[in-house]
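These notes are about the structure you will find just below.
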Amino acid sequence: MTSSGQSSPVGLWKPGPWTKALAVVIGGLFGILSAAGRSGYGWAGAVLMAAAAVAIPTLQFRVWWKKGRFWATVALLTIAQVPLVNAVHQLADRLRSAFLLAFGVVDGLCVIAVILYVCGLEH
C-alpha cells in the first residue's frame, strides 16, 4: 500500500504454493503434448500456453479481484488470445516445444504488463 492507501504494483506478484502447483500441472501437460504425436500439437499447445498466460496472472493478482477494471482487462485479454492462437498454431506445429515455451513466456509477460498498466493506474 502506498501512503495514500492505494495498492502499489510492487509486491503484487508473489507466486504462492497454489500458483507453483498450477505451473507444475501446466508444465506436465506441456510435456505430455511434447511427447504426443504431431496431430493437433499446434492447436493444443497454443491453446494451453495462451490459457496459462491469462490464468496464472489472474490468479496472482487477487488484490484486484474486486475491481471491474481488472475483470474487463482480463476479459479483453482472453478474447485477444483467440486470434493469437489462430496465428501461432501453425508455427507451433513446425517449431514444436521450444516455440510453444517461448510463446507462453512472452504472452504471459505481455498479459502481466497490460494488467499492471491498466489496473496499476489509480486516477
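What do you reckon, is residue 42 more than 17 Å from the chain's Cα centre (by Cα) and closer than 18 Å to residue 117 by Cβ? Criteria not met by residue 42.
Within the range 63-81, residues that are closer than 14 Å to residue 50 by Cβ sit with their Cβ atoms under 9 Å from residues that are among the acidic types (Asp, Glu), at 6+ positions apart or across chains, in these pairs: 81/107. Quickly run through the range 62-94 and pick out the residues that are surrounded by 14 or more Cβ atoms within 10 Å (Cβ to Cβ) and closer than 13 Å to residue 43 by Cα. 81, 84, 85, 88, 89, 91, 92, 93, listed by residue number.
Annotation note: Cβ proximity below 8 Å between a residue of the range 16-38 that is surrounded by 14 or more Cβ atoms within 10 Å (Cβ to Cβ) and a residue that is at pLDDT below 75 and assigned to a helix (DSSP H, G or I) (sequence gap 6+ or interchain) occurs for 33/41. Which of (1) closer than 19 Å to residue 26 by Cα; (2) at pLDDT below 90 is the odd one out, the single condition residue 95 does not satisfy? Just one mismatch for residue 95, condition (1).
Within the range 40-58, is even one residue exposed (fewer than 12 other Cβ atoms within 10 Å of the Cβ) and at pLDDT 90 or above? Looking for residues that are exposed (fewer than 12 other Cβ atoms within 10 Å of the Cβ) and at pLDDT 90 or above, one finds none in the range 40-58, hence no. Would you confirm whether any residue within the range 96-118 is among the charged types (D, E, K, R) and surrounded by fewer than 18 Cβ atoms within 10 Å (Cβ to Cβ)? Taking every residue of the range 96-118 in turn, at least one turns out to be among the charged types (D, E, K, R) and surrounded by fewer than 18 Cβ atoms within 10 Å (Cβ to Cβ).
Among the residues making up the range 9-39, those that are at pLDDT below 70 and among the basic types (Lys, Arg) are 14, 38.
The values are calculated or read from the model by the stated rules, or taken from the named source; none is laboratory data. Everything numeric in this text was worked out from a predicted model, so none of it was measured. Here the Cβ is made from the backbone with ideal geometry for all residues, glycine too, and neighbour counts use every protein chain on show.
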